[in-house]
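Engineer: The structure that follows is given in the form of C-alpha cells.
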Amino acid sequence: MNKKCFVILALLLFFNHIYTDSLKYNSFNNQGVLGIINMPSARFYDESSYGITGFYGTPDQKITFTSYAFDWLEASFFYSKIQDKPYCSIETDPVCKQSYKDKGFNFKVRLREEDSWPAIALGINDIAGTGLYGSEYIVASY
C-alpha cells in the first residue's frame with residue numbers, strides 16, 4: 001500500500017512536466033503531420049514553418065516533408081518503404097525482390113481557430129500514389 005501511494009504522489013508531482021498535445025509543445029506524428037502517434041491534431045504551426053520527419057517502424061518506414069504555406073494550411077509529401085509486401089508479382093525478376101515503395105501527399109485545412117471553443121480542421125491523407133495510407137478526417141483540438 002505504501003508503494004502505491006508513493007507512485008501516485010510521484011505522478012501528481014511530475015504531472016506538470018508531462019506534455020502531449022498542447023499549444024506550446026506541438027510535434028509531428030508518425031505520419032509527418034501535427035499530432036500524436038497516428039492521430040492528427042487541429043493545431044497548426046505558424047505560416048512559413050516546415051519540418052522533416054522520419055519514422056522507422058514495422059512494417060513501414062517513412063520520410064515526410066511538411067510545410068505551412070499559410071497559417072491555415074498544412075501540406076506534406078511522404079515517401080515510404082513497406083516491408084513484407086512484394087514490389088511486383090514476377091518472382092524471377094530481380095527487381096521484384098525489393099520491398100514495396102509508396103509516395104503521396106497529405107493536406108490539412110483549418111476550419112476554425114481555437115479560442116473558447118475547440119479548433120477544427122479537415123484533412124485528407126495520401127492523395128496521390130497507391131492510396132495505402134488514404135484517409136479523410138475532421139478533427140477538433142482544445
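Engineer: If you average the sequence gap of Cα pairs under 8 Å that are 6 or more apart and divide by the length of the chain, what percent do you get for the contact order?
Structural biologist: Result for the chain is 15 percent.
Engineer: When the label point is put 7 Å from the Cα of Tyr79 along its Cα-to-beta-carbon vector, which residues of the range 26-59 have a backbone N closer than 14 Å?
Structural biologist: Residues 53-55 fall inside that zone.
Engineer: Specify the angular offset, from 0 to 90 degrees and rounded to the nearest 10, of the alpha carbon long axis of helix 2-14 from the longest principal axis of the alpha carbons in the chain.
Structural biologist: 80 degrees
Engineer: Could you give the size of the charge dipole of the chain about its Cα centre, using +1 on the Cβ of each K and R and -1 on the Cβ of each D and E, expressed in debye and rounded to the nearest 20?
Structural biologist: Dipole about the Cα centre, nearest 20: 500 debye.
Engineer: Enter the accessible area per residue of the chain (Å², integer; probe 1.4 Å; all protein chains in place).
Structural biologist: Per residue, the chain has 68 Å² of solvent-accessible surface.
Engineer: Only one of the listed values, (i) 36; (ii) 47; (iii) 27, was derived from the coordinates as percent of Cα pairs over 23 Å apart; which label is it?
Structural biologist: Recomputing percent of Cα pairs over 23 Å apart here gives the entry labelled (ii).
Engineer: Between Thr58, Thr66, Thr92, find the one with the highest GNM mean-square fluctuation for the chain; connect C-alpha pairs within less than 10 Å.
Structural biologist: Among Thr58, Thr66, Thr92, the largest GNM mean-square fluctuation belongs to Thr92.
Engineer: Let me ask something else. What full-extension length gain, to one decimal in nm, is calculated for Glu113 and Asn38 as 0.36 nm per residue of separation minus the Cα-Cα distance? Write down the numbers at each step before the final one.
Structural biologist: Values: separation 75, 0.36 × 75 = 27.00 nm, distance 2.19 nm.
Going from the current span to full extension adds 24.8 nm.
Engineer: Quick one: pull the percent of accessible area on the chain belonging to carbon and sulfur, 1.4 Å probe, ligands and nucleic acids left out.
Structural biologist: 63 percent
The values are calculated or read from the model by the stated rules, or taken from the named source; none is laboratory data. Keep in mind that this is a model prediction, so the values were computed, not measured. Ideal geometry is used to build each Cβ from the backbone, glycine not excepted, and the neighbour counts take in all protein chains shown. Accessible surface areas use protein heavy atoms only, side chains included; no ligands, DNA or RNA. Shrake-Rupley method; radii C 1.70, N 1.55, O 1.52, S 1.80 Å.
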